[in-house]
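Everything below concerns the one structure shown next.
The values are calculated or read from the model by the stated rules, or taken from the named source; none is laboratory data. Predicted model only: the values in this text are computed from it and were never measured. Cβ placement follows ideal geometry from the backbone for every residue including glycine, while neighbour counts extend to all protein chains displayed.
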Amino acid sequence: MVRQHFTSSHAITNSPSGMNIHLDMPTEILHTILLGVVKYFWGQTVYLIEKAKLLDVFQSHLDSINHDALNAPSLNPEYICHYKGGLIGKHFKSLAQVMPFVIHDLILQTVIDGWMTLGELVVLLWHTKIDHIEVYLAWLTQTIEDFLNVTAICAPSILITKPKFHFLIHLPVYIHRFGPAIIFSTKRYESFNCVFRLSCIYSSWQGPSQDTCRRFAQLDLVKHVITSGYWYEQELQKWVCAGPFILSFLCEHPAQGKLLGIKSNEDPCETNGKYERKFSLSVSDSLCLQQLDKFFVFQLLAGN
């Protein structure tokens with residue numbers, strides 16, 4: 001009876017209509033690839049290099065490699081070798097592209113083959129545009145199979161103990177459904193947590209969420225004022241707006257207006273207090289609400 005009650009109720013644990021949790025939750029490439037399989041291979045490679053007492057030679061190779069094609073100012077070999085157990089995603093992304101050239105005469109050939117297929121896999125997954133999806137998926141699937149075969153030769157037990165190797169098999173399905181893997185890499189948006197953290201880190205209040213709400217409300221007030229918004233002035237008993245000096249701020253600083261999605265109607269040098277928001281869209285017309293189940297949306301808006 002309890003199971004029947006929870007199944008029939010519209011609880012958050014019950015999947016809404018039109019949603020498949022197995023197909024609509026794609027694999028996160030940051031933790032699966034960079035902080036997953038790349039990190040595993042890095043740890044095994046460093047262990048073999050240190051065992052052979054070739055870490056200094058490895059650092060020299062890493063320091064002498066040409067990194068002009070990498071999207072990083074410097075590999076910083078001294079830092080990578082000194083803090084080899086505490087690297088983050090950007091380090092592993094660079095290492096995956098240069099490791100085959102650095103360890104070519106320091107390690108076993110099977111490990112080198114693993115790094116070569118791993119580098120190819122990283123390059124394929126960080127595509128931002130896919131022109132021929134079927135060709136791309138066939139190439140990606142073959143690369144994943146080659147990488148798993150090499151991993152089975154190097155360390156067969158890791159395929160059983162580490163589930164992230166299994167997640168690789170599902171990546172072509174998610175890419176075919178959602179597009180390039182970098183699009184649904186949601187972990188990259190964690191950098192925006194700094195905005196929320198700075199809004200409450202210097203506060204002495206016990207409710208940081210309230211401080212964040214107050215801070216964002218203040219930012220919205222500033223945006224309302226500089227875009228010629230009106231507010232009711234109690235002393236004057238009428239609706240007023242900001243003066244020409246304040247309204248000319250967006251014309252003198254167009255970069256700030258671009259960040260807010262605001263553009264001037266006419267001549268930017270003649271401020272008449274009229275601005276319009278670009279790409280404005282009501283919530284009811286958004287693609288998100290169109291694709292969700294109507295009943296689930298109404299329940300969500302009602303707070304149930």
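Exactly one condition in (1) at pLDDT 95 or above; (2) over 26 Å from Leu108 (Cα atoms) is false for Ile133; which is it?
Checking Ile133 against (1) at pLDDT 95 or above; (2) over 26 Å from Leu108 (Cα atoms), the one that fails is (1).
Scan the range 123-143 for residues that are under 15 Å from Phe167 (Cβ atoms) and under 22 Å from the mean Cα position of the chain (by Cα) and jot them down.
Across the range 123-143, the qualifying residues are Leu125, Leu140.
Per-residue answers, yes or no, for (1) exposed (fewer than 14 other Cβ atoms within 10 Å of the Cβ); (2) among the basic types (Lys, Arg); (3) within 30 Å of Leu125 (Cβ to Cβ):
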position: Ala181; (1), (2), (3): no, no, yes
position: Val195; (1), (2), (3): yes, no, yes
position: Leu198; (1), (2), (3): yes, no, no
position: Thr212; (1), (2), (3): no, no, no
position: Ser228; (1), (2), (3): no, no, no
position: Trp239; (1), (2), (3): yes, no, no
position: Pro244; (1), (2), (3): yes, no, no
position: Gln256; (1), (2), (3): yes, no, no
position: Ile262; (1), (2), (3): no, no, no
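Exactly one of these conditions fails for Pro172: (1) touching a Gly at 6+ places or on another chain (Cβ under 9 Å); (2) under 23 Å from Asp113 (Cα atoms). Give me its number.
(1)
Does the range 168-198 hold any residues that are modelled with pLDDT under 80 and small (Gly, Ala, Ser), and which are they?
Passing the criteria: Ser185, Ser191.
So which strands (runs of 3 or more DSSP E) are wholly in the range 154-264 and hold at least 1 residues that are in contact (Cβ under 8 Å) with a residue 12 or more places away in the chain?
Per the criteria, 262-264.
Within the range 222-253, work out how many residues are on the phi > 0 side of the Ramachandran plot and in contact with a Gly (Cβ under 8 Å, 6 or more places away or on another chain).
Result for the range 222-253: 1.
Yes or no: the range 127-137 includes at least one residue that is closer than 20 Å to Leu35 by Cα, out of contact with any Leu (no Cβ under 7 Å at 6 or more places or on another chain) and surrounded by 11 or more Cβ atoms within 10 Å (Cβ to Cβ).
There is at least one residue in the range 127-137 that is closer than 20 Å to Leu35 by Cα, out of contact with any Leu (no Cβ under 7 Å at 6 or more places or on another chain) and surrounded by 11 or more Cβ atoms within 10 Å (Cβ to Cβ).
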